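Asks: First, the structure itself, so that you have it in front of you.
The values are calculated or read from the model by the stated rules, or taken from the named source; none is laboratory data. It should be emphasised that the depicted structure is a prediction, and the values quoted were computed from it without experimental measurement. Quick reminder, even Gly has a Cβ in these numbers, built from the backbone with ideal geometry, and neighbours come from all protein chains shown.
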Amino acid sequence: MPRRAVVIGAGTAGVLAAAALAPVVDEVIVLDRDDLPGGPDHRRGVPQGRHAHLLMAGGLEAIDALVPASVDIRDHLRDAGAKEISLAKGMLALTPEGWFRRWSRDGHHMVTCTRALLDWAVRTAVMRYRGISVHRAHARALLGSAARVTGVRVGAVGGAGFAPRFTALEGLRVSADGAEADLAADFVVDASGRGSRIVTWLEEVGITGVQERTLDTGLVNSTRIFRTPPGAEGWPLTLVQPDPFTGEPGRSGMVVPIEDDAGGARWMVSFGGSRGGEPPKDEEKFLQYAFDLPHPIVGQLVAGAEPLTPVFTSHSSSNARRYLEKAPAWPDGLVVLGDALATFNPLYGQGMSVAALSALALARTVRDRWGTPGLARRAQREVAKPIEAAWTLAVSSDVLYPGIVGGGPTLADRISARYTRRLVRAATGSYPAASALWDVTSVKAGPLRLLRPAVVTAALAGPPLPRLSGPPLTRAEHEILRRLTDRPQPAPYPPPPPRGPDHQP
């Protein structure tokens, strides 16, 4: 009988899981509750889909290793309109320790575009594999036992019944009322995202004792797309980072170049604020938030720019981790990856890259060990390994913000945050320190990269160059910013009137 794998979720993580399995099985069936768009359009099932997404170098390399050999994913993305940004030359970054310098040396890049474009480009590349098909259905439970998962129970979406091509699948048992079906599989991957019900599903087949940790800063993201002002088409990616060391809510902002549209170049402007510092949804106050950041450069850039969309907000941004690799028992035939396994504060831009590295780990494990006992447990441990560095980076900072839900910082969190702070300070004036940080944030290296003797020495010595007094702009960029700043600026919003004793909430 042909080998079949079922992947739950058709986002980037699920599509890459399908790519990981395609070379070792005859058929990969991808299930999703949404109809997938035929082009680079947004869809409902991606809660962070309207906000800024950064594909780091390590993630790009992992995707390139997963897609068919006939596709160069870097060229594929650039041909679709994505931008490739140099971290050393093409980024302005204000950290809590000061501005990063821009260096002539360069070995770190990332890709920027809308999430819709990224999902579409990766999906069209992966679908060149034979044997992968996507079907609209709602996964409701796992089939099998604590020893082995043997498939997925699915429901028709919206009560409309299953599509004919779905009911024609071999090994499908449809219920008498046509509302549910049991879909047999040799291997199942849950890549259903933040809303995954995997812990409940595991309990239903007899697997308990899963450890979980959630840290919620109350982060809210607000995003709006603007037309890039004439003459500013080559402006570098601009990032104002939050400061977790002040005891105040974290506030961040970024201006990200994304793919052009028929009208020309566009910027995605995205803000993030932790509990007590949330960015507004109001279109006018959205701009004022930019001027209230630790540096007004984001506001100066976009104050006179033409808005192309309303303001989109999202609250789905907590750090959450399920330690499935540490479960007391694990069924054969099941692996969980992507946001169903761990989610991170999207500010750090590592979620998609970590999912790609996990999918690559799955590909290598099933290629080398297919048919051996304990394959799924081994694979689950391998797909969890890329998570550690990203989790440490996100949690060691986020846990310091006021109003955190999920527990205060541990001793390990405090040590990690203190060392990272010293290293960031050194990186504002040291290329070796900056390069080490970029290796880790680009998920090209694990956290041990930051503990090499030369990096530790740099962190202890501090920056050899003085702190910059402002953003490191070229002469041409100074002129662009001067021109943009000379445009009329919004008047500051007055504070709300005081609440008197007769105020009614």
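Asks: Six or more apart or on different chains, Cβ atoms under 7 Å: show the pairs whose first residue is in region 281-297 and among the aromatic types (F, W, Y) and whose second is surrounded by 17 or more Cβ atoms within 10 Å (Cβ to Cβ) and not in a loop (DSSP other than H, G, I, E, B).
Replies: F286/S222; F286/R224; Y289/F271; F291/G299
For every residue, the table says whether it meets (1) modelled with pLDDT of 95 or more; (2) assigned to a strand (DSSP E or B); (3) within 24 Å of L117 (Cβ to Cβ).
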position: T238; (1), (2), (3): yes, yes, yes
position: P242; (1), (2), (3): no, no, no
position: E248; (1), (2), (3): no, no, no
position: G253; (1), (2), (3): yes, yes, yes
position: V256; (1), (2), (3): yes, yes, yes
position: E259; (1), (2), (3): yes, yes, yes
position: W267; (1), (2), (3): yes, yes, yes
position: G276; (1), (2), (3): no, no, no
position: F286; (1), (2), (3): no, no, yes
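Asks: May I pose another question? Considering each residue of region 225-236, count those that are under 21 Å from S86 (Cβ atoms) and either in a strand (DSSP E or B) or not aliphatic (A, V, I, L, M) (or both), and give that number.
Replies: 6
Asks: Could you tell me which of the residues D72, D64, D34 is of a type outside the set (G, A, S), under 15 Å from Y129 (Cα atoms), in contact with a Lys or Arg (Cβ under 8 Å, 6 or more places away or on another chain) and surrounded by fewer than 22 Cβ atoms within 10 Å (Cβ to Cβ)? Walk me through it before giving the result.
Replies: Working: D72 fails: in contact with a Lys or Arg (Cβ under 8 Å, 6 or more places away or on another chain); D34 fails: under 15 Å from Y129 (Cα atoms).
Sole residue among the options that is of a type outside the set (G, A, S), under 15 Å from Y129 (Cα atoms), in contact with a Lys or Arg (Cβ under 8 Å, 6 or more places away or on another chain) and surrounded by fewer than 22 Cβ atoms within 10 Å (Cβ to Cβ): D64.
Asks: For region 86-123, which positions are surrounded by fewer than 18 Cβ atoms within 10 Å (Cβ to Cβ) and under 21 Å from the mean Cα position of the chain (by Cα)?
Replies: S86
Asks: Okay, next question. Taking the stated definitions as given, is S222 assigned to a loop (DSSP other than H, G, I, E, B), among the hydroxyl-bearing types (S, T, Y) and either in contact (Cβ under 8 Å) with a residue 24 or more places away in the chain or under 17 Å from G333 (Cβ atoms) (or both)? Give the derivation first.
Replies: On the way: assigned to a loop (DSSP other than H, G, I, E, B): no; among the hydroxyl-bearing types (S, T, Y): yes; either in contact (Cβ under 8 Å) with a residue 24 or more places away in the chain or under 17 Å from G333 (Cβ atoms) (or both): yes.
So S222 fails the test.
Asks: Looking only at residues in region 351-409 that are under 22 Å from K326 (Cα atoms), among the basic types (K, R) and in contact (Cβ under 8 Å) with a residue 40 or more places away in the chain, which one is surrounded by the most Cβ atoms within 10 Å (Cβ to Cβ)?
Replies: Top of the filtered list is R377.
Asks: Grab the helices (runs of 4 or more DSSP H) fully contained in region 1-116, keeping just those with 1 or more residues being of a type in the set (K, R).
Replies: Correct list: 73-80.
Asks: Could you give every pair whose Cβ atoms fall below 8 Å, whose first residue belongs to region 77-99 and is at positive phi, and whose second residue is surrounded by fewer than 18 Cβ atoms within 10 Å (Cβ to Cβ) and assigned to a loop (DSSP other than H, G, I, E, B), counting only separations of at least 6 or pairs across chains?
Replies: G98/R467; G98/L468
Asks: Within region 198-216, take every residue that is surrounded by fewer than 17 Cβ atoms within 10 Å (Cβ to Cβ) and charged (D, E, K, R) and give me the one that is farthest from the chain's Cα centre (by Cα).
Replies: Out of the qualifying residues, it is E204.
Asks: Hey, can you tell me all the residues within region 400-416 that are within 23 Å of V455 (Cβ to Cβ) and touching a Pro at 6+ places or on another chain (Cβ under 7 Å)?
Replies: L400, the sole residue that qualifies.
Asks: Hey, does region 422-442 have a residue that's in contact with a Ser or Thr (Cβ under 8 Å, 6 or more places away or on another chain) and surrounded by fewer than 19 Cβ atoms within 10 Å (Cβ to Cβ)?
Replies: Scanning region 422-442, I find no residue that is in contact with a Ser or Thr (Cβ under 8 Å, 6 or more places away or on another chain) and surrounded by fewer than 19 Cβ atoms within 10 Å (Cβ to Cβ), so the answer is no.
Asks: I'd like the full set of residues that are over 14 Å from N221 (Cα atoms) and crowded, with 22+ Cβ neighbours inside 10 Å, limited to region 248-257.
Replies: Initial filter on region 248-257 (over 14 Å from N221 (Cα atoms)): 248, 256-257.
The answer is V256, P257.
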